[in-house]
1. Part of a helix (DSSP H, G or I) and at pLDDT below 95, is that true of residue 75?
2. Mind checking which pairs have a first residue in the stretch 107-122 that is on the phi > 0 side of the Ramachandran plot and free of Cβ contacts under 8 Å to residues at least 12 places away in the same chain and a second that is assigned to a helix (DSSP H, G or I) and surrounded by 10 or more Cβ atoms within 10 Å (Cβ to Cβ), Cβ under 7 Å, 6 or more apart or different chains?
């Protein structure tokens, strides 16, 4: 029965191999479970980071919207101020033109008054002198 002994030896050998494989698989299972736990923790951390980032994005979008509204309001105010300013500048330019024309007309009046005064003085001066008599001296 030498064949039986060999078989029994093989079975014992196989049991040892199977025990080692089980032990190795148990160790590998423990390592795999550790990896799985770390992976789940990393995924949870990433989800928390995503939630925080979503909050920050929402806040930034709200701030952007508020600023855009504020810019629109300021642009409307600026447009009104620019229109008002343009009207005032046009009015000032018209007043400058009127003043220049008025000053020119006033200068003409002054010049005419001076001329009139000069003529009038000559006329009055000639009235005060006695008329010259022509003598008939021969």
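The values are calculated or read from the model by the stated rules, or taken from the named source; none is laboratory data. Values in this document were obtained by computation on a predicted structure and should not be read as measured data. Glycine gets a Cβ as well: all are built from the backbone with ideal geometry, and neighbour counts include every protein chain shown.
1. Numbers: part of a helix (DSSP H, G or I): yes; at pLDDT below 95: no.
So residue 75 does not fit the description; no.
2. Final answer for the pair search is none.
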